[in-house]
1. Out of all the residues in region 192-244, which are surrounded by 18 or more Cβ atoms within 10 Å (Cβ to Cβ), in contact with a helix residue (DSSP H, G or I) (Cβ under 7 Å, 6 or more places away or on another chain) and of a type in the set (Ser, Thr, Tyr)?
2. In region 144-167, how many are within 15 Å of residue 12 (Cβ to Cβ) and either of a type in the set (D, E, K, R) or not in a helix (DSSP H, G or I) (or both)?
3. In region 128-143, which residues are closer than 17 Å to residue 177 by Cβ and part of a helix (DSSP H, G or I)?
4. Restricting to region 195-253, give me the number of residues that are modelled with pLDDT of 95 or more and in a helix (DSSP H, G or I).
5. Examine region 67-83 for a residue that is closer than 21 Å to residue 186 by Cα and surrounded by fewer than 19 Cβ atoms within 10 Å (Cβ to Cβ), and state whether such a residue exists.
6. For the structure I just gave you, tell me whether residue 10 is of a type in the set (A, V, I, L, M), under 14 Å from the mean Cα position of the chain (by Cα), more than 30 Å from residue 199 (Cβ to Cβ) and surrounded by 20 or more Cβ atoms within 10 Å (Cβ to Cβ).
Amino acid sequence: MRLKDKVAIVTGSGSGFGEGIVERFAEEGCKLVVNDVNADNGNRVTDALNAAHGDGTAVFVRADVTSDEEVGAMVAEAVERFGRLDVLVNNAGISHRNMPMLDIDEDIVDRMFDVNVKAIWLAAKHAIPHFRKVGGGSIINNASTAGLRPRPGLSMYNASKGAAITLTKSMAVEFAPENIRVNALCPVAGETPLLATFMGEDTPEMRAKFRASIPIGRLSTPRDIANAALYLASDDAAFITGVAMEVDGGRCI
């Protein structure tokens, strides 16, 4: 088991990619803090993990990742419950609907940069002191192919994910001497609750258009992203830091 005796926090893990990540991590022996702002989803995922892998595998902590106080409480709960912290997956993210850049509401832009960028800094601020206590750790930031090969109509979302990638590389350089690795995942559009937002409308024609932009010929799945996250979280990736890993079926080629 590649994550046996490790403890991870996965934000936004009540659905989508985050749900896939916690399921995969649990299969590999990890103890988990499931986080989401939607308590119903978070409790559903946590109950399923405990039923499948044994009571005490996971605990749900509702927290808004843009709140310093709530993120601090979430990290404290992880350490109190499991005794340590080894992995932080900043998965929570939001987007604006596909539209012309000049039509995007300012409040949406502010909220998106809070969730997609500032939240990474907040979580690191609280998690890194605990990584230092155990001699290192792994941070995985869920960015996007949008930060590498932007799609039209998603300009400010693209910008937020580009910022997440640059922040990832900056953190990797700063914390590498302490054996704290920081990497980003860059998924292509996938079967998650955000899919309709990216496309503007969820129709067979729009899905076909998105699939046609992916050389392998399909959208990503939570399992695809979870397998990549598992590698980056595990000791198999002990020499990997500062990477923006494209999990995209060839979209960025």
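The values are calculated or read from the model by the stated rules, or taken from the named source; none is laboratory data. Values in this document were obtained by computation on a predicted structure and should not be read as measured data. As a convention, Cβ positions derive from the backbone with ideal geometry for all residues, glycine included, and neighbour counts pool all protein chains shown.
1. Hits for region 192-244 are 192, 241.
2. Summing the residues that are within 15 Å of residue 12 (Cβ to Cβ) and either of a type in the set (D, E, K, R) or not in a helix (DSSP H, G or I) (or both) in region 144-167 gives 2.
3. Answer for region 128-143, where residues must be closer than 17 Å to residue 177 by Cβ and part of a helix (DSSP H, G or I): 128, 129, 131, 132, 133, 134.
4. Within region 195-253, residues that are modelled with pLDDT of 95 or more and in a helix (DSSP H, G or I) number 15.
5. No, every residue in region 67-83 fails to be closer than 21 Å to residue 186 by Cα and surrounded by fewer than 19 Cβ atoms within 10 Å (Cβ to Cβ).
6. When the stated conditions are applied, residue 10 does not pass them.
Every residue, every condition in (1) buried (at least 18 other Cβ atoms within 10 Å of the Cβ); (2) over 19 Å from the mean Cα position of the chain (by Cα); (3) not small (Gly, Ala, Ser), yes or no:
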{"residue": "57", "(1), (2), (3)": "yes, yes, yes"}
{"residue": "126", "(1), (2), (3)": "yes, no, yes"}
{"residue": "137", "(1), (2), (3)": "yes, no, no"}
{"residue": "145", "(1), (2), (3)": "yes, no, yes"}
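The rows are residues; the columns are (1) among the basic types (Lys, Arg); (2) touching a helix residue (DSSP H, G or I) at 6+ places or on another chain (Cβ under 7 Å).
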{"site": "14", "(1), (2)": "no, yes"}
{"site": "21", "(1), (2)": "no, yes"}
{"site": "25", "(1), (2)": "no, yes"}
{"site": "35", "(1), (2)": "no, yes"}
{"site": "38", "(1), (2)": "no, no"}
{"site": "41", "(1), (2)": "no, no"}
{"site": "44", "(1), (2)": "yes, no"}
{"site": "67", "(1), (2)": "no, no"}
